[in-house]
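What follows is calculated from the coordinates using simple rules that are stated; it is not laboratory data. The structure presented is a predicted model; accordingly, all values stated were derived computationally and were not measured. Note that each Cβ is placed from the backbone with ideal geometry, even for glycine, and that neighbours are counted across all protein chains shown.
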Amino acid sequence: MDFDRPREILTDSLKFQIKDRWVLAAISKVPRELFVPPELQALAYEDKPLAIGYGQTISQPYIVALMIQALELKGPEKVLEIGTGSGYQAALLAELVKSVCSVERIHELAEAAKKLLGGMGYKNITIGIAGDELGWKEHAPYDGIIVAAAAPSVPPSLLEQLAVGGIMIIPVGSRWEQELIKVRKGQHGNQIENLGGCRFVPLIGKDAWQE
């Protein structure tokens, strides 16, 4: 199956809501079909989430684009991704920034993503296994943090890993329904913006949900 045309159609449809041309360029370049199970590849360019196994999903393309756009990336940043999944969002980020650190708590997904992204030639993505402590303190501070799982509130441990002036995008709410929150860290306080409703799997760990 030729995926070039469906990818072009999806990118064009996102232009009505996503205005960052670099984000759109990344969407048009990265082959989403490689990040979904073979039996779902025909659905790769529908604007909806798809199951990737282990109770996890690859997020709806619009939501992924919205979250990345909200990071206001310029190019030289180091970004932390919480929830590697199949690696699609990490690939998009790698097209836009200097380096991506991504953590995933499901070993099988982390290893599969590492193999896929390495095979695609990405050299600016580092993938680690998430522990009980949120984030990846070893590589902090980060210019941006993007969280692909929902927390009951903004985790203080992740805010600590965010550089002053940096932006974190995170779904906040219940296990079943959330609001997408943008936090800009300031020297003396944080700016909070609500980007709208969303639905993500729960974020597991300290400062979030228990298993």
Original post:
For the charge dipole of the chain, defined by +1 on Lys and Arg C-beta atoms and -1 on Asp and Glu C-beta atoms about the Cα centroid, which residue among 205, 27, 189 has the Cα displaced farthest towards the positive pole?
Top reply: 189
Subject >> Length added when fully stretched, residue 209-residue 190, from 0.36 nm per residue minus Cα-Cα >> reply: 4.5 nm
**OP:** Go ahead and set up a Gaussian network model of the chain, Cα springs under 10 Å, then flag whichever of 21, 105, 32 fluctuates most.
**Re:** 21
**OP:** For region 49-54, take each phi angle, set θ = phi - 60°, evaluate the Karplus expression 6.51 cos²θ - 1.76 cosθ + 1.60, and give the result in whole Hz per residue in order, putting x for glycine and proline.
**Re:** x, 9, 5, 10, x, 6
Original post:
Non-local amide H neighbours of residue 57 (under 5 Å, H modeled in plane, Pro and chain starts lacking H): which ones?
Top reply: 52
Original post:
What nm distance separates the two modelled labels at residue 21 and residue 160, each placed 7 Å from Cα along Cα→Cβ?
Top reply: 4.2
**OP:** Just flag the chymotrypsin sites (Phe, Trp or Tyr not before Pro) in region 116-180 sitting in loop per DSSP whose Cβ has no more than 10 other Cβ atoms within 10 Å.
**Re:** 176
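For region 58-128, what is Rg from Cα atoms divided by 2.2 N^0.38 Å, rounded to two decimals?
Normalised Cα radius of gyration, region 58-128: 1.02.
Assign unit charges at the C-beta atoms only (+1 for Lys and Arg, -1 for Asp and Glu), then state the dipole size of the chain relative to its Cα centre in Debye, rounded to the nearest 20. Don't skip to the answer; put the middle values down first.
On the way: 22 positive and 26 negative charges, 90 e Å.
That gives a dipole near 440 debye.
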**OP:** Please tell me which of these pairs span more than 21 angstrom C-alpha to C-alpha: 29/114; 78/182; 15/48; 19/123; 137/206?
**Re:** 19/123
**OP:** Return the Rg/Rh value of the chain, two decimal places, where both radii are evaluated on C-alpha atoms and Rh is the Kirkwood radius.
**Re:** 0.93
Original post:
Using just the C-alpha positions of region 117-171 as equal point scatterers, what log10 of I(q)/I(0) does the Debye formula give at each q in 0.22, 0.25, 0.30 1/Å?
Top reply: -0.94, -1.11, -1.32
Original post:
To the nearest 10 degrees, how steeply does helix 4-14 sit against the main Cα axis of the chain, on a 0 to 90 scale?
Top reply: 40
Original post:
Who wins for biggest fluctuation among 16, 35, 200 in a Gaussian network model of the chain, springs between alpha carbons below 10 Å?
Top reply: 16
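Please give the calculated 222 nm ellipticity per residue for the chain, where each DSSP H segment of at least 4 residues contributes -39500 (n - 2.57) and the sum is spread over every residue; nearest 500 deg cm²/dmol?
So the calculated ellipticity at 222 nm is -7500 deg cm²/dmol.
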Subject >> Nearest-20 debye value, region 2-68 charge dipole, Cβ charges on Lys, Arg, Asp, Glu >> reply: 260
Original post:
In percent, how large is the relative contact order of region 1-88, given Cα pairs closer than 8 Å and 6 or more residues apart?
Top reply: 27
Subject >> Computed over region 62-198: relative contact order in percent, which uses C-alpha pairs under 8 Å that are six or more apart >> reply: 20
Original post:
Once label points are set 7 Å from the Cα along Cα→Cβ at both residue 123 and residue 137, what is their separation, rounded to one decimal in nm?
Top reply: 3.2
